[in-house]
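Following: one structure in structure tokens, then a few remarks.
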Amino acid sequence: MRKRSRRAFLAGVGATGVGGLAGCLGFELESSSLEPSLVENRPDAVYVPTHTEGMAMGEMGSDGGYSCALTYSYPHRFWTVTGSDTTQVEVGSDDALHLMPVVWHSETGVIPSDVSPRVDVTRDGESVVDGLNPWPMLAQQMGYHFGDNIELPEAGEYTVTVSVGAGGERRTGPLADTAAAEFEFTLDYQPSELRDLPFEDIAEARQGTLGAAEPMQMDMVPTMQAPTADDLPGTVRGTTESGDAQFVVTTLDDATRFGGKEGQQYVAVSPRTPYNRFPLPQMSLSATLSRDGETRFDGYLNEWLGPDLGIHYGAVVEGVAAGDEFTITVDSPPQISRHEGYETAFLGMPDTTLTL
Amino acid sequence: MSDSPGIDRRAFVKSAVAIGGAAALSACLDRGPSIDVPRGPEEPSATFPERQHAWNAALPTTDAGNNHHPRHRVLLALDYGDGTPTDAERETVEAALAGVERAYERSAAGLLLTISYSPYYFDRFDDDLPESVDLPEPTALSSFEDPDADAVDAIVHLASDHGEVVMGAEEALKGELGELNGVSQPEAALTDVFSLAERRTGFVGDGLPAENQDVDGVPDDDPVPEDAPLYMGFESAFDGNQPTEDRVTIQQGPFAGGTTQQLSTLTLNLTQWYEQDTRDQRVSKMFCPHHAQNDVVEGAGGNLGSDTRMDDCGDPMETARREGVVGHSQKMVDVREDDTPIILRRDFDSTDRDHAGLHFLSLQRTITDFVTTREAMNGDQIDSDSAVGQRTNNGILQYINTVRRGNFLVPPRSLRALPPADPRATAAENAEVANA
Ligand code: HEM
């Protein structure tokens, strides 16, 4: 039950625009109605959105093996996902900001996909937002994170508490050593400062074309990207695609960390977005491995977190040989909410086969 | 309380229960025609069942074949203080409880009540609770909750279709009324023995959540449907999905005829539920994706009759793998015995602390039965083996937070007044004293 509160160690970083975007147009964004209308004829793939946005970074803290940075931007539209259906969420008239608690494993920099942070906001001890569980989300500038639009009654200082559970079973190395964590931040909400955040329209000719806005670099926050194929451990067997997602497949000779026995091998699949290389958590994946027409493995690829592999999916197999056919089936596409430019991708995801 | 015109009597009554106190009660009674509730018997103990929790026989059955749930609730959370109870104190508690039972008939229109005791209460005795009672201290039941322990000694649960009745009973139990419903009340008051640590209130039933939706946790545009019995918009506790009272009753030992009560305080955050999910998503997450795809649930679900057709939902893991979402009730079907859940739900909504919440009150033979059910609701295996997240698309976990958990023993009626931890041992001691 409630432990003696271990308050997070707070490192004040101050509100700094970390958009790194040149040419802010000073766009006055007061409410949703000012969001540019969506691109017409969006492709069923990752596409260049109407605009890019800056982001403000509030305080940062560490606790329980995790670090957390409180970041925010102006409220914006996004899409929730259930199965292959998306629901567009419009900005509410009272939404003050889009709050994004970014949580990562301090030692490895991996963003855990098996915990769901909770957010409570108070002001002078009074509850303002109680028990909000922000959505897991994917955004072109930010990658995988948690976020939601929230209402705040007025400008001023708020206390934001972010709580995270200990973490799941499918973790290797130091990622397994985490405890439930709580972070307490002060958020100075100033609408005028929010309005000063960069907001840049993308040239109309580029909007809706295949491509993506550049990921932003955040000071003090590790990169959100999946390792490049070259940086993945093991024998990298190649890359295949489905629903515009890329699946890099690698095999490891030691499967013991993943519950395998001596002599077995581990097949790891690292799905990521094209262009920006963001990992894609919360899918149901399964696979078959066959040699000379004979099936040697048929089962789930379970989601794991590893220091070198990051967020990936894998299975323990008896053995892999060059020439084996490896077929990945997406039973459910990523059940994470999407920001503009991702809401039409990674939904219809047919089987895909790679010859190892 | 100001007698503002324009508030009709019904709206006034429900908020009066939340406010409570003698002033709210008398203001309430002064308005409009007084309610006509039959009185209880002269000697309640002679006629009332030994099982305090045997409410079903006293509840009307709805047209659909479900139990009607009393619409207004008060939970009095009580502290006993130090030391062990004396016989005089037991008599006081019994007299106070019997006083309100004489005032109102034992029915939904009248008054239903239970008194229950926590493990912290039983700690004070040298003896342990008998093995036939499974009553551990509450613990967190998921890796992502950090609830407070409900450390009070006792809980009195008052339920009635009339706000005036629960308020009147409460005031009488506190010794504030000489007469209740025309029946004179004993000198004895619960507050002679206990201190009132907290009063918790609530409601359940068509229309009440909509009338009470001007609270934190519910978005401002009044999204709760007019006919919904609970904030989340669906009917709950269908007869086909509730065990019998026999199934939840302790069968052996000195507390046979009693039951255990799990009481958790859940807060709701329904902004996402009503503003960011569609109805199909809500039906998928509350019942199962099959029910959303096939339009099985109409409105609040009244069309389901007394059975939510969980058999059609399919295996929860299979659904989670293929649909990326799993239903709240679907996840718990595996826990059923003889095709029936093993916890008896008597939960209700609340505006306590001006926040939309739910007092999840369930009865079960052992607290372990509750834990098993609650663990199924976490869906840990589903979360780790499918696209379903720790909370996201995992039933209704995204929208609820458990802020407090408590476990209580609802003793049989004959032991309801400050029971010892082991009545057998106590009886033996008394016999020794008598023989000495
Ligand atoms: C805000 C909180 C909750 C709401 C609104 C809610 C609502 C519902 C609804 C609408 C159903 C389907 C209809 C029915 O069978 O009654 C249901 C089923 C059920 N709920 Fe909940 N529930 C909540 C919390 C809980 C909690 C905390 C538990 C404890 C473990 C629980 C246990 C069950 C069980 C056992 C079933 C029946 C499963 C079966 O059909 O086998 N519920 N709930």
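In segment B:370-381, the qualifying residues are those that are within 10 Å of the ligand (Cβ to nearest atom) and not polar (S, T, N, Q), and the one that is surrounded by the fewest Cβ atoms within 10 Å (Cβ to Cβ) is B:E375. Of the residues that make up segment A:57-79, is at least one of a type in the set (D, E) and buried (at least 21 other Cβ atoms within 10 Å of the Cβ)? Yes, the conditions are met somewhere in segment A:57-79.
With respect to the conditions (1) of a type in the set (A, V, I, L, M); (2) surrounded by 20 or more Cβ atoms within 10 Å (Cβ to Cβ); (3) away from chain B (no Cβ under 13 Å), A:L99 falls short on a single one, namely (3).
Filtered by the rule that a residue be within 14 Å of chain B (Cβ to nearest Cβ) and of a type in the set (A, V, I, L, M), segment A:176-197 gives A:A176, A:A179, A:A180, A:A181. For the structure I just gave you, tell me whether B:N181 is crowded, with 23+ Cβ neighbours inside 10 Å, away from every other protein chain (no Cβ under 14 Å) and farther than 17 Å from B:S116 by Cβ. Criteria met by B:N181. Filtering A:E200, A:E126 for residues that are out of contact with any Pro (no Cβ under 8 Å at 6 or more places or on another chain) and within 13 Å of chain B (Cβ to nearest Cβ) leaves a single hit, A:E126. If only residues of segment B:217-229 that are in contact with an Asp or Glu (Cβ under 6 Å, 6 or more places away or on another chain) and farther than 17 Å from B:R73 by Cα are counted, the one that is farthest from the ligand (Cβ to nearest atom) is B:P219.
For residues that are among the charged types (D, E, K, R) and closer than 28 Å to B:D206 by Cβ, scanning just segment B:52-84, find the one that is surrounded by the most Cβ atoms within 10 Å (Cβ to Cβ). Once the filter is applied, the top-ranked residue is B:R73. Give the residue that is nearest to B:E145 (Cα to Cα), with candidates limited to residues of segment A:129-167 that are part of a strand (DSSP E or B) and more than 14 Å from every other protein chain (Cβ to nearest Cβ). Across segment A:129-167, the extreme among qualifying residues is A:V160. The set of residues in segment B:411-432 that are part of a helix (DSSP H, G or I), surrounded by 16 or more Cβ atoms within 10 Å (Cβ to Cβ) and small (G, A, S) contains only B:A425. Give segment B:230-270 a look and list any residue that's within 10 Å of the ligand (Cβ to nearest atom), within 19 Å of B:F370 (Cβ to Cβ) and within 14 Å of chain A (Cβ to nearest Cβ), or say none. Those that are within 10 Å of the ligand (Cβ to nearest atom), within 19 Å of B:F370 (Cβ to Cβ) and within 14 Å of chain A (Cβ to nearest Cβ): B:S264, B:L266. In the set (1) out of contact with any Asp or Glu (no Cβ under 9 Å at 6 or more places or on another chain); (2) touching a residue at least 12 places away in the same chain (Cβ under 8 Å), A:E157 fails one condition alone, (1).
Looking at segment B:181-191, is at least one residue of a type outside the set (F, W, Y), more than 16 Å from the ligand (Cβ to nearest atom) and under 23 Å from B:R404 (Cβ atoms)? There is at least one residue in segment B:181-191 that is of a type outside the set (F, W, Y), more than 16 Å from the ligand (Cβ to nearest atom) and under 23 Å from B:R404 (Cβ atoms). Flag: B:D134 matches the condition of being in contact with a strand residue (DSSP E or B) (Cβ under 7 Å, 6 or more places away or on another chain) and among the acidic types (D, E). If you check B:Y104, B:Y117 for being of a type in the set (F, W, Y), in contact with a helix residue (DSSP H, G or I) (Cβ under 7 Å, 6 or more places away or on another chain) and at negative phi, only one passes: B:Y104. Name every residue in segment B:330-353 that is crowded, with 22+ Cβ neighbours inside 10 Å and either farther than 12 Å from B:H290 by Cβ or in contact with a strand residue (DSSP E or B) (Cβ under 8 Å, 6 or more places away or on another chain) (or both), in order of residue number. Across segment B:330-353, the qualifying residues are B:K331, B:M332, B:P341, B:I343, B:L344, B:R346, B:F348, B:D349, B:S350, B:T351. Can you tell me which residues in segment B:193-205 are within 16 Å of the ligand (Cβ to nearest atom) and in contact with a helix residue (DSSP H, G or I) (Cβ under 9 Å, 6 or more places away or on another chain)? Scanning segment B:193-205 gives B:R200, B:G202, B:F203. Among residues of segment B:295-308 that are away from every other protein chain (no Cβ under 14 Å), those with a Cβ under 9 angstrom from a residue that is within 12 Å of the ligand (Cβ to nearest atom) and among the hydroxyl-bearing types (S, T, Y), sequence gap 6+ or separate chain, pair up as B:V296/B:T308; B:V297/B:T308; B:G301/B:S236; B:G301/B:T308; B:T308/B:S329. As a summary of the residue check, B:R391 satisfies the conditions (1) away from the ligand (no atom under 13 Å from the Cβ); (2) out of contact with any Leu (no Cβ under 9 Å at 6 or more places or on another chain); (3) within 10 Å of another protein chain (Cβ to nearest Cβ) except for the one numbered (2). Do we find that A:E214 is more than 22 Å from A:P101 (Cβ to Cβ), surrounded by fewer than 17 Cβ atoms within 10 Å (Cβ to Cβ) and modelled with pLDDT under 95 in this structure? The answer is yes for A:E214.
For B:E211, the test of being away from every other protein chain (no Cβ under 14 Å) and within 23 Å of B:P60 (Cα to Cα) is failed. The single residue among B:S384, B:S362 that is of a type in the set (G, A, S), surrounded by 19 or more Cβ atoms within 10 Å (Cβ to Cβ) and either more than 10 Å from the ligand (Cβ to nearest atom) or not in a helix (DSSP H, G or I) (or both) turns out to be B:S362.
Could you please let me know if B:E235 is part of a loop (DSSP other than H, G, I, E, B), acidic (D, E) and closer than 23 Å to B:P209 by Cα?
Numbers: part of a loop (DSSP other than H, G, I, E, B): yes; acidic (D, E): yes; closer than 23 Å to B:P209 by Cα: yes.
Yes, satisfied.
Applying the condition of being more than 24 Å from A:T355 (Cβ to Cβ) and assigned to a strand (DSSP E or B) to segment A:305-338 and asking which residue is farthest from the other protein chains (Cβ to nearest Cβ) yields A:G310. Of the residues making up segment B:281-302, those that are surrounded by fewer than 18 Cβ atoms within 10 Å (Cβ to Cβ) and closer than 17 Å to B:M232 by Cα are B:E298, B:G299, B:G302. Of all the listed residues (A:G323, A:G341), the sole one being of a type in the set (G, A, S) and surrounded by fewer than 17 Cβ atoms within 10 Å (Cβ to Cβ) is A:G323.
Condition first: within 13 Å of chain A (Cβ to nearest Cβ) and within 8 Å of the ligand (Cβ to nearest atom). Now tell me which residues in segment B:341-359 satisfy that. Hit for segment B:341-359 is B:L358, nothing else.
Taking segment B:175-214 as the range and being of a type in the set (A, V, I, L, M) and part of a helix (DSSP H, G or I) as the test, the residues that pass are B:L190, B:L208, B:A210.
The values are calculated or read from the model by the stated rules, or taken from the named source; none is laboratory data. Just so we're clear, the structure is a prediction, and the values are computed from it rather than from any experiment. Heads up, the Cβs are rebuilt from the backbone with ideal geometry, glycines too, and the neighbour counts pull from every protein chain shown.
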